[in-house]
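Everything below concerns the one structure shown next.
The values are calculated or read from the model by the stated rules, or taken from the named source; none is laboratory data. Quick caveat, the model's predicted, so the values are computed rather than measured. In this analysis, Cβ positions are derived from the backbone assuming ideal geometry, glycine residues included, and neighbour counts consider all displayed protein chains.
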Amino acid sequence: MNYVGIDIGSTASKVVVRGEEDFHFVLPTGWSSKETTITIKEKLLSQGIDVNSEANRVTATGYGRVAVDFADNVITEITCHARGGRELCGDNCAVIDVGGQDTKIILISHGMVQDFLMNDKCSAGTGKFLEIMSNRLGVTLEELFELASTGNPVSISSLCTVFAESEVISYIGEGRKREDIAAGVVESVAAKVAQLAQRKDLPEKVILTGGLSNNPYFTDVLSKKTGKHVEPTAFGRYAGALGAALLAEEKRR
Amino acid sequence: MEIIKELPEVFEEFAEQRKKSFLSMKELKDKGVPVVGAYCTYFPQEIAMAMGAATVSLCSTSDETIPDAEKDLPKNLCPLIKSSYGFAITDKCPFFYFSDLVVGETTCDGKKKMYEYMGQFKDVFLMELPNTQKEEALKLWRSEIIRFKEYLEEKFDVEITEEQIRDAIKINNAGRRSLKALYETMKNDPVPIKGQDLFKVLYGSTFKFDRSQIPEEVDALVAKINKEYAEGKMEEKKPRILITGCPIGGATEKIIRAVEDNGGIAVTFESCSGAKSIDKLVDEDNPDVYDALARRYLDIGCSVMAPNPNRLELLGRLIDEYKVDGVVEMLLQACHTYAVESKGIRDFVTGEKHIPYIAVETDYSQADIGQLNTRITAFLEML
């Protein structure tokens, strides 16, 4: 028996397989979650996992979860991230997930979701913001963080991504150092995530999941902003898919 | 005074359903029945009913006229207020258009200031609603009810007797008893019907011009539900959700759907079209009809009251009686009183009742349905 968790995010799609087989992979979601789903299905088949077989149970999550028409279960990314997060940080902790288009704060207590928060109607504290700003600065996301780690952050005060981009453009116009602008961008995202997180009492143990989860510079900035030690996680990008795979197994029992 | 009988100039531009509503209102007006429109459950309907007027709820529930309203009102204002004002200035609401008088109350800041502008193109009677429920407040509210009665007498050149008011109280109490019996069928586990279907009946009852017809129609429905339930017709067993917060209707029924499309069932509504406005009766034995009305209406547990103990009392009772598994609160964007009160409700629900609570903020657009579904589904998965 194999348990497959598929997390179709707005930017990246993550797959975790547990059971007799044990592997994971990630691919860009692209413009159509439907096509991504087909690619995933083929990729799984090439590794010996037939999603339509009774021997393989599939749980889909993420904003594109409904596109996974071969899933046995569909569960929201909040529950899946909580389950995956619990696997990574234990029964009492908080998971901060900075995703491509939303940011979630999930509080886990005694192994159960106790409460959660999501950003609403705004992409300011998400990966999307970083993506737009790195494009504007003409660098990749990795390069943005490298630059940021050597810069002195400029202040980016706008709450709106579009206005913040204008702020960045005016800094560029003023001839500010790219490092300083990059540092300002990262700090701005961390500040917005911290703002959301501070609406709840965070426990001692806090981990970061999502695409930035293994970025120690970002967790450092986030720790400073939240006043908690936010731990990076090597497998954090897969937290949602991992949770989905675990839930597929638990539902089966 | 001459009551409004002509159709508005924009009538021909309307879609079929709206034309129908206009025509049925016109029919009523042609019979010479005056119409009193109101926006709030604090409105003492019985006074208007006592003079033979039809009463109708005017709270607007679609975003259609919000752009029109935003010419005069700020964008960052509650959608209910903007939409209501928008329908009023555009002549698009048959009920507002044919209302000979509109009654407002000094409930929240947004509404009471909006009424000032509405008064420039409509006869608006503003009742001063106290924001506490103390004895002094009761005195003021009683005198406001009498002032309203006197205003009606003068405007329509009629006399409203205590006997007529007493009769209206009896009619409305009978309607409340029937509606309560209807929503109490949801105490069954599993429930007999979907919460969205129950809501349609409750909400629809606020558009019944002749309130004396409510018991007969609703009692028949209750009898049908009970009979079918006994025969085994019922909904699946699902997590039982109580919905509380700002008024629901039209566009915001998306909250009920989000609960019921994603694995939950809305068993009871602690909001304006639900228990909040139906739960309590007017005391028929009180020799002072004005005192009886004042007490009944001032007791409503709306967040405009500070403090607001009656909301917690009702909420607690509903949670117990309906075996509620989780509470979903709907907050309309920029509704300060409900948004601020949300912490108190969360503390009460999670701390004293030990069940989960979630608050979702929304408006009259359909743009946030994906997000709402994710949040509410995740909440249901928690249960």
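Computed values, structure above
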quantity: Answer from A:S33, A:S53, A:S46 - the residue that is at negative phi, within 14 Å of chain B (Cβ to nearest Cβ) and among the polar types (S, T, N, Q); calculated: A:S33
quantity: Sole exception among (1) in a strand (DSSP E or B); (2) surrounded by fewer than 22 Cβ atoms within 10 Å (Cβ to Cβ) for B:L73, by number; calculated: (1)
quantity: Residue satisfying all of: in region B:322-359; β-branched (V, I, T) and in contact (Cβ under 8 Å) with a residue 60 or more places away in the chain; nearest to B:T374 (Cα to Cα) among these; calculated: B:V328
quantity: Helices (runs of 4 or more DSSP H) within region B:94-204 that include 3 or more residues under 24 Å from B:I81 (Cβ atoms); calculated: B:94-97, B:109-118, B:135-156, B:195-204
quantity: Residue within region B:370-383 that is at the interface with another protein chain (Cβ under 10 Å from one of its Cβ atoms), more than 22 Å from A:T103 (Cβ to Cβ) and assigned to a helix (DSSP H, G or I) present; calculated: no
quantity: Residue within region B:216-233 that is within 20 Å of the chain's Cα centre (by Cα) and assigned by TED's automatic domain parsing to the domain that holds B:I265 present; calculated: yes
quantity: Qualifying residues in region A:58-82 (those that are without any contact (Cβ under 8 Å) to a residue 60 or more places away in the chain and buried (at least 24 other Cβ atoms within 10 Å of the Cβ)) - the one farthest from the other protein chains (Cβ to nearest Cβ); calculated: A:R65
quantity: Checklist (1) under 17 Å from the mean Cα position of the chain (by Cα); (2) farther than 30 Å from B:D288 by Cβ; (3) at pLDDT below 95 applied to B:E64, failing item; calculated: (1)
quantity: Only listed residue being in contact (Cβ under 8 Å) with a residue 24 or more places away in the chain, within 30 Å of A:S109 (Cα to Cα) and either among the hydrophobic types (A, V, I, L, M, F, W, C) or buried (at least 23 other Cβ atoms within 10 Å of the Cβ) (or both), chosen from A:A241, A:A164; calculated: A:A241
quantity: Where A:D180 falls short, out of the listed (1) out of contact with any His (no Cβ under 9 Å at 6 or more places or on another chain); (2) under 26 Å from A:I106 (Cα atoms); (3) acidic (D, E); calculated: (2)
quantity: Complete set of residues in region A:87-105 that are assigned to a loop (DSSP other than H, G, I, E, B) and closer than 15 Å to A:E231 by Cβ; calculated: A:G90, A:N92
quantity: Inter-residue pairs, beta-carbon under 6 Å, first farther than 28 Å from B:G52 by Cβ and in region B:130-158, second modelled with pLDDT of 95 or more and exposed (fewer than 14 other Cβ atoms within 10 Å of the Cβ), 6+ apart; calculated: B:N131/B:A306
quantity: Selection count where residues are surrounded by 22 or more Cβ atoms within 10 Å (Cβ to Cβ) and among the polar types (S, T, N, Q), scope region A:167-189; calculated: 1
quantity: Residue ID - surrounded by the most Cβ atoms within 10 Å (Cβ to Cβ), chosen from residues in region B:31-61 that are over 15 Å from the mean Cα position of the chain (by Cα) and of a type in the set (V, I, T); calculated: B:I47
quantity: Residue check for B:K82: over 23 Å from B:N286 (Cα atoms), of a type outside the set (D, E), modelled with pLDDT of 95 or more and not in a helix (DSSP H, G or I); calculated: no
quantity: Residue in region B:346-361 that is in contact with a strand residue (DSSP E or B) (Cβ under 9 Å, 6 or more places away or on another chain), away from chain A (no Cβ under 14 Å) and crowded, with 19+ Cβ neighbours inside 10 Å present; calculated: no
quantity: Any chance B:Y364 is surrounded by 20 or more Cβ atoms within 10 Å (Cβ to Cβ) and within 11 Å of chain A (Cβ to nearest Cβ); calculated: no
quantity: Only listed residue being surrounded by fewer than 22 Cβ atoms within 10 Å (Cβ to Cβ), within 30 Å of B:R166 (Cα to Cα), free of Cβ contacts under 8 Å to residues at least 40 places away in the same chain and assigned by TED's automatic domain parsing to the domain that holds B:S205, chosen from B:E284, B:E313; calculated: B:E313
quantity: In region A:83-105, the residues that are within 25 Å of A:T36 (Cα to Cα) and more than 11 Å from chain B (Cβ to nearest Cβ); calculated: A:G84, A:G85, A:D97, A:V98, A:G99, A:G100, A:T103
quantity: Residue count for region A:106-118, restricted to those that are facing chain B (nearest Cβ under 9 Å) and surrounded by fewer than 17 Cβ atoms within 10 Å (Cβ to Cβ); calculated: 1
quantity: In region A:119-139, the residues that are within 12 Å of chain B (Cβ to nearest Cβ) and either surrounded by fewer than 19 Cβ atoms within 10 Å (Cβ to Cβ) or closer than 18 Å to A:A245 by Cα (or both); calculated: A:D120, A:K121, A:C122
